[in-house]
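Quick notes on the structure that follows.
The values are calculated or read from the model by the stated rules, or taken from the named source; none is laboratory data. For clarity, every value in this text was computed on a predicted model and none was experimentally measured. Positions of Cβ are backbone-derived with ideal geometry, glycine not excepted, and every protein chain shown enters the neighbour counts.
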Amino acid sequence: MVASESICATRRTIDELDEAIASRAAQINAITYQFLVLVREFDERAGFLRWSFSSCAEWLHWRCELSPQAARDRVRVAHALKDLPAISRAFERGAISYSKVRALTRVATPGDEDALLEFALNTTAARVEERIRQLRNGDDDSVVDAQRIHAARSLVATRNDRLGTVRFSLELPREQGELVLQALEKALNEQKANGAEFADTPFCAQQADALVDIAREYLSGGSDKQGDAAGTADNYQVLVHVDASALAGGAGRSDLPVESVRRVTCDGSVVTLEVGEDGEPLNVGRRQRTVPTAIRRALHGRDRQCSFPGCTHTRFLEAHHVKHWSQGGETSMNNLVLLCSRHHRLVHEGGYEMRRDAHGQWYFRRADGRAVPAMGYRHADITDDSVDLDEDQAAAASAEARGDCVREAGLSYRTGSIIAVECNTWANRSTSSCG
C-alpha cells in the first residue's frame, strides 16, 4: 500500500512516466529470469513429486495459477536458457523481454544465439516471432509442424434454428487459408449486382455473399453463364418442408419464413406429398420444375440479364414469378422475369414488388410506395434527408439499431439468413426443393 501511494504521490510528466514504465518492465524481465532459474532447479530436483504431480508444468499450473500452456512454456524456456549464456545474460539484465526469449529459445543454439540476440534487441517482439517462424519453417524438422497444422484443419457448421442461420468456423493451414481468401476476393470483385440499393451493405456481408456465389458456382458445375438455361438445373437440392396452405397464403407451418419459401420455389423443383393424420405418406407425386426448361430458355433469350433497374448481373439468374404460382400465378412469359439472386431476395424478403404501369410495362416499387427509377439508383438518390420520424419509422430505426434490418433507400426492411432444414413429417404439406 505504501509503494502504491509513493508512486501516485506526485504528478509525473509524460517523459517521467515513460521512463518509470520502461524501468519497471526491465525489472519484470530480470525477475522473470530469476523465476525461470528457480523453476529449472525445481524441475531438475523433481520437486513436483512431493505434491504427487507427474511433471513440473502440472505443479506450476497449480501452484502459480498459470494456464497449462503457459506453464509448459515456462519449463521449456527455463531448460533452454541453460545452454544459451548470451541470451541468459541479457535476460538477467532485463534488456530483453520474456516474449522475445520464448521465441528465441525455439531455435537458438550456442553457435547462433549472438546473431539472433542482436536481431532481437533491435526490433519488436512481433518481428522476432515472425523471424523465428521463418527459421523453423526452413528446417527439415518443420515437417512435424506442417503435419500438426494439417491435422488440425477443420470446418464446423453450427445451425441456429431459432435465428434461422448457420455459423461457420474454419481453420486451415496458412497457404490454404490464403487460397480461400483469394477466391473470396475474386468472387467479390466479380459481383455485378452492386447497385446503389446495396450501398450500405457491410463488407463482411459482401464477403458472405461472395462465399455463397462460390458455392453456387461449384454446384452448378460452372455452367451458370449468360443465356445458359441449364445454369439452374437440378445439380443439387435443398429440401424445404412447407404446408401447401401456408404457401398459398393461408394458415400452416413452414421450415422457413414463408416468403423465403416462395422465393426458393419461384425457380425450383416441387414434390407434392400427401400424408395421413398420423403423418404417414399416402401419395408422393413426381418432382416437377416450377419453370420448364423451354420457358427458361425463352426467358434467358428475352431478358438476358437481371431485370432490376440498373443491374447488369448475368450470372446466378433466377426466374421470378411476379404472382407466385402457389397463389394462382401462371408459369408463363407474361408472369416471369429474370432476377439475380440478390435482387430476387430483395423482391421477396426486402419488401419490393413488381407492378404494371398504365402502359402495361413492369416497374419495381419499394415498400414505402416509391417507384424505382427505370435506369436504377444513383448513390445520391438514396441519401437520407433529415426528417422527423413518425412512429413506424422510429420503430424501424430501433430495429435497425438492434441489427434486425438493413437501411435501404430510405426504407428499413427486414432480412434474414436462409438455411433449409429437414423437419419431422407434417400432415397436409407439400415438400419443395430448390435447385
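Taken as a whole, the condition of being among the aliphatic types (A, V, I, L, M) and in contact with a helix residue (DSSP H, G or I) (Cβ under 9 Å, 6 or more places away or on another chain) applies to residue 66.
Checked against (1) modelled with pLDDT of 75 or more; (2) surrounded by fewer than 13 Cβ atoms within 10 Å (Cβ to Cβ), residue 380 passes all but condition (1). Return yes or no: is residue 104 buried (at least 16 other Cβ atoms within 10 Å of the Cβ), over 21 Å from residue 145 (Cβ atoms) and at pLDDT 95 or above? It is false that residue 104 is buried (at least 16 other Cβ atoms within 10 Å of the Cβ), over 21 Å from residue 145 (Cβ atoms) and at pLDDT 95 or above. Any chance the stretch 180-189 includes a residue that's at pLDDT below 85 and under 30 Å from residue 30 (Cα atoms)? Within the stretch 180-189, none of the residues are at pLDDT below 85 and under 30 Å from residue 30 (Cα atoms). Please specify each residue of the stretch 298-349 satisfying the condition of being acidic (Asp, Glu), within 23 Å of residue 259 (Cα to Cα) and in a helix (DSSP H, G or I). Those that are acidic (Asp, Glu), within 23 Å of residue 259 (Cα to Cα) and in a helix (DSSP H, G or I): none in the stretch 298-349.
Condition check: part of a helix (DSSP H, G or I) and closer than 20 Å to residue 113 by Cα. Does residue 36 satisfy that? Spelling it out, residue 36 is indeed part of a helix (DSSP H, G or I) and closer than 20 Å to residue 113 by Cα. Per this entry, residue 156 is not counted among residues that are in the same structural domain as residue 38 (by TED's automatic domain parsing) and touching a residue at least 12 places away in the same chain (Cβ under 8 Å). Here residue 392 passes the criteria (1) at pLDDT below 80; (2) among the charged types (D, E, K, R); (3) assigned to a loop (DSSP other than H, G, I, E, B) except the one numbered (3).
If I ask for residues that are surrounded by 19 or more Cβ atoms within 10 Å (Cβ to Cβ) and among the charged types (D, E, K, R), which ones from the stretch 332-357 would you list? Selection gives 342, 345. All conditions but one from (1) at pLDDT below 85; (2) exposed (fewer than 13 other Cβ atoms within 10 Å of the Cβ) apply to residue 142; the one that does not is (2). I'd like to check something: does the stretch 127-149 contain any residue that is over 35 Å from the mean Cα position of the chain (by Cα) and either on the phi > 0 side of the Ramachandran plot or of a type in the set (Gly, Ala, Ser) (or both)? Checking the stretch 127-149: not a single residue is over 35 Å from the mean Cα position of the chain (by Cα) and either on the phi > 0 side of the Ramachandran plot or of a type in the set (Gly, Ala, Ser) (or both). Only one entry of 153, 131 meets the criterion of being surrounded by 15 or more Cβ atoms within 10 Å (Cβ to Cβ), basic (Lys, Arg) and over 24 Å from residue 28 (Cα atoms), and that entry is 131.
Condition check ((1) within 28 Å of residue 129 (Cα to Cα); (2) exposed (fewer than 15 other Cβ atoms within 10 Å of the Cβ); (3) more than 40 Å from the chain's Cα centre (by Cα); (4) modelled with pLDDT under 95) across all residues:
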residue	(1), (2), (3), (4)
1	no, yes, yes, yes
16	no, yes, yes, yes
24	yes, yes, yes, no
27	yes, yes, yes, no
33	yes, no, yes, no
56	yes, no, yes, no
75	yes, no, no, no
88	yes, no, yes, no
92	yes, no, yes, no
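Would you confirm, using the coordinates I've provided, whether residue 48 is surrounded by 19 or more Cβ atoms within 10 Å (Cβ to Cβ), over 40 Å from the mean Cα position of the chain (by Cα) and not small (Gly, Ala, Ser)? Yes.
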